[in-house]
1. Which one of these does Gly260 not meet: (1) assigned to a strand (DSSP E or B); (2) in contact with a strand residue (DSSP E or B) (Cβ under 7 Å, 6 or more places away or on another chain)?
2. Can Thr194 be described as surrounded by 21 or more Cβ atoms within 10 Å (Cβ to Cβ), under 18 Å from Val139 (Cβ atoms) and in contact (Cβ under 8 Å) with a residue 12 or more places away in the chain?
3. Any chance you could count how many residues in the range 390-424 are under 27 Å from Asp448 (Cα atoms) and assigned to a loop (DSSP other than H, G, I, E, B)?
4. Residue check, Asp132 against (1) crowded, with 18+ Cβ neighbours inside 10 Å; (2) among the acidic types (Asp, Glu); (3) not in a strand (DSSP E or B), all met but one. Which one?
5. May I ask you to verify whether Val698 is among the aliphatic types (A, V, I, L, M) and at pLDDT 85 or above?
6. Anything in the range 52-83 that is out of contact with any Ser or Thr (no Cβ under 9 Å at 6 or more places or on another chain) and among the small types (Gly, Ala, Ser)? List them, or say none.
7. Starting from the range 73-94, take each residue that is more than 16 Å from Trp205 (Cβ to Cβ) and list its partners that are surrounded by 14 or more Cβ atoms within 10 Å (Cβ to Cβ) and acidic (Asp, Glu), counting only C-beta distances under 7 angstrom and pairs at least six apart or across chains.
Amino acid sequence: MNIKSIFSRWRDNLQGEQSQNSRLAVWVVSLIMAGPVILVATFSYVKTKRELTASELSRKTAIVTLAAATMEEKLNRLTDLGVSLATRVRFRQLVEAGKWQDAIKIVEAVPRNFSFVERLFIADVGGSLMADTPELLGVRGTNFAHRDWYKGVTATRKPFVSEVYQRSAKPQHHVIAQATPITNDHGDIVGILTLQVRTATFLKWIRSIDTGAEGFLFIVDRHGKTVAHPQWAADTKIVDYSKVPPVREALQGRRGVEVGINTGEGEEQVIAYEPIPGYGWGVIFQQAQSRAFALRDNSLTRLLMAYFLAGLATSCVAYLILRAVNYRRRGERKFRDLVESAPDGLVIADKEVKIVLANAQVEQLFGYTRQELLGNPVEILMPERFRKHHPNHRQEFLRNAKPRPMGGGLTLYGLRKDGSEFPIGVSLNPLQTEEGTLVISSICDVTDRKNLEEQLRSKNELLESQNREVQQANRLKSEFLANMSHELRTPLNAIIGFSQLMYDGKVGSIAANHQEYLGDILGSARHLLQLINDVLDLAKVEAGKMEFSPEPVHLTKIIGEVRQVIQSLSASKRLAVEIEVSAAVEKLIIDPAKLKQVLYNFLSNAIKFTPAEGHITVRALAERNDSFRLEVEDTGIGIEEKEIGKLFVEFQQLEAGTTKKHQGTGLGLALTKKIVEAQGGRVGVKSTPDEGSVFYAVLPRVASINSEVLKRSGLEALDDGR
C-alpha cells in the first residue's frame, strides 16, 4: 500500500466523521427549537380538553334540564285540567247524588278536546269505577282500591299523579293516572276523577327535544320505573331503573352529570339526570361517551395537528438553516465536480472577461493546460478574425443575460494552442454570484456534425433533382396519353361506323356467320373505345386540363337518367335499383355530365359484382360543411379488407389473370376518384364480404372549380403549352 492510497483513505474517513457530526448537530438544534412548542402544546391541550369537556357536560345538563322543565309543565297542565273538572259545581252535585252517568256526560268531551288524555273515569270513595268515557266494557263496578292513584288521593286528599302501570281493561296500554278528589260543600270526598295518559304520549314529548347524535332521554316515575324510553316501543315493557345510581340520585331530588357509567350496553355512557319537582319523577339523558365527546375530540385532534405542524415547521426551519450552511460548502465542491464531469468543455469568465475556471474537456479540446488558461482573456481560444467583435457581443449579452446559443446561426471556430482551427458550438449561460455576473460558456466540437450536415445537404439536392425528373416524366406521360387517345379514337370510330353499317346490312346482305363475326368486332371496338375514353379523361385530370361546367340540377332527375342508361344491364340480371334522395340535397349546382360519369361508374361496378336478383340502392344524403354524400349500396360479393387498398388505383383489379370472371379495365374507379377530388370532394368504400358494399362520393353542393381546388386535390394545373 503506497503513501497516496493511505492519504486518500484518511481523507475520506475524516470527511465521513465531519458529515456525521454535522447531521447530529442539525438534529440537536432542531429538537431544542421545537422544545418550547412541545411544552406550550402540552399545556394548551390539557387546558383545552378540560374546558371542552366542561362545555360538553354543561350542554348535556342543559338538555336534561329542558326535558325536566317540559315534563313538569305537561304534568302541571294535566293536574290543572283534573282540578278544573273535579271542582265544577254541577259535576260535584251529581257525583254526591250518585248520578254517575249524568256526571260523566259533563266531562265526556275531554278526551276529544285534549288529545293527551286517553280516557277519563269516576270512582266512588271505595275505589269502585262507576262511570267512564270512552266507555270500556266489563270494567264498571270493578274496584281499583289497590291502585297507586287511589292510595295517593285518599292519603293526601290532594291531586295525585300515579306510577306507571298496565291497564286492566283491553287494550291493556301502559298508562299513568292523574287522580283528583271530588268533594262536597263540607269538604268530604264523595268521589275520585281520574284522567289516564298513555306512556306513548310521554314518548312523543321527549322525542321532540334535540339530544344530538345517538343521545336519548327517558322518564322514570317515583319508583324508578320507565314511563317512556325511546329504545322500546310503547306498551312493550316497564323496566325498573331504581338501582342505577344516576336514576337513584334523580329520584332523591338531586341533579348532575356523570361520565364513564357502565350500563351493561357495551360502551361507557355519559348520563345526566334531573328531578321533576313536585312529582318525585326523574328525567335521564344518556349518550355513548365517544359520541358525547366527538366534537371535543375532533377539536383536540385539530389542535394537536396544528401544534404538530407548528413544531414540525420550527424543526424544519432550524434544519434548513443549518443544512443551508453545510449545503453551501458542499455545493461549492459539487459544482467543481459537476464542471469536471461535464461532457462538453466549460469555461467560466468574470466581468473582466478573464478565465476563472476551465474543466478537463477544455484542456483536451484546445491543447492548453488549466494553469495556462486561468487569468487569461477568453479571446485566447478564438481565431484572430473574431476577437475584435467579441467585446461588443459580450456587452450585448450582459444587458439581456439569459441562456442562449452563441453566434446566431453562424459557424463558429475555436483556436487550438498549435494554431489549428476547428468548428465549435457555444452556449452561454449567466451565473449570478456575490462578486457579480459570471458567464459560463459550454463548448463542444461539432466537426462530425458539420460533416453529417454536408452529406445530408448533398443527398437532399440529389432527391430534389430526381423529384423534378419524375414530375417532368409524369407530365410528359399525361400529355402523351392525351394526344395518343385522340389519335386512336379517330380510326377506331371509323372501324365502329363501317362495322355497324355492315352488321345492319346497309351495304348488302351478309352470311349469318359473318354477321356474328361483325358483332364480335363491334363489341371489342366499343370496349376499346371505352378504355381509350377513360384513359383520355384520366390524362386530362392529371394534366389539369379537364373542364367542369357547373349548373343548377335536380339530383333525382340526374340519378333517374343514369338508371335508365344502365336499365338493360340491370334487367339482364333481374336487379332492383332503388333511389333515395334527401330533400335537403335535391337542388345542386354541379357539372351534371361529370356527376353522371361518377354515378355510372359506381352503378356499373355494382351491377358487375352483384349476383342475379340482387338489390342496389342509390342514396343521396346531406353532409356537413355544405356538402352532399352520394352512395351506391349493393348486395354483391363484398370486398376483403386487405383488398380495399387496391381500389381507386389505375389498372388495379381485384381479379387478375385469365381466370377473372368480370370484365373491366381497372380505370373506372380510379377515374371516378380523380374527377371527385378535382371538384374538392372525396371517395370511399365500406364493404363486408358476402354481404355487399357501399361506394360513396362526397361533393360540394355548390361547385367552385378553380386552380386552387385542383391544387388541394393533389394535382398540379399545367399550362396548355406544356
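1. Only one criterion in (1) assigned to a strand (DSSP E or B); (2) in contact with a strand residue (DSSP E or B) (Cβ under 7 Å, 6 or more places away or on another chain) is unmet by Gly260, namely (2).
2. Taking the combined requirement at face value, the residue satisfies it.
3. 12
4. Failed condition: (3).
5. So Val698 passes the test.
6. Within the range 52-83, Ala54, Ser55, Ser58, Ala62, Ala68, Ala69 meet the criteria.
7. Short answer, once both residue conditions are applied: Leu94/Asp102.
Matching residues to (1) modelled with pLDDT under 75; (2) out of contact with any helix residue (DSSP H, G or I) (no Cβ under 6 Å at 6 or more places or on another chain); (3) surrounded by 13 or more Cβ atoms within 10 Å (Cβ to Cβ):
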| position | (1), (2), (3) |
| --- | --- |
| Lys646 | no, yes, yes |
| Phe651 | yes, yes, no |
| Lys674 | no, no, yes |
| Gly681 | no, yes, yes |
| Val694 | no, yes, yes |
| Ile705 | yes, yes, yes |
| Ser713 | yes, no, yes |
| Glu716 | yes, yes, yes |
| Asp719 | yes, yes, no |
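The values are calculated or read from the model by the stated rules, or taken from the named source; none is laboratory data. Note that the coordinates shown come from a computational prediction; the quantities given were computed from them, not determined experimentally. Ideal geometry is used to build each Cβ from the backbone, glycine not excepted, and the neighbour counts take in all protein chains shown.
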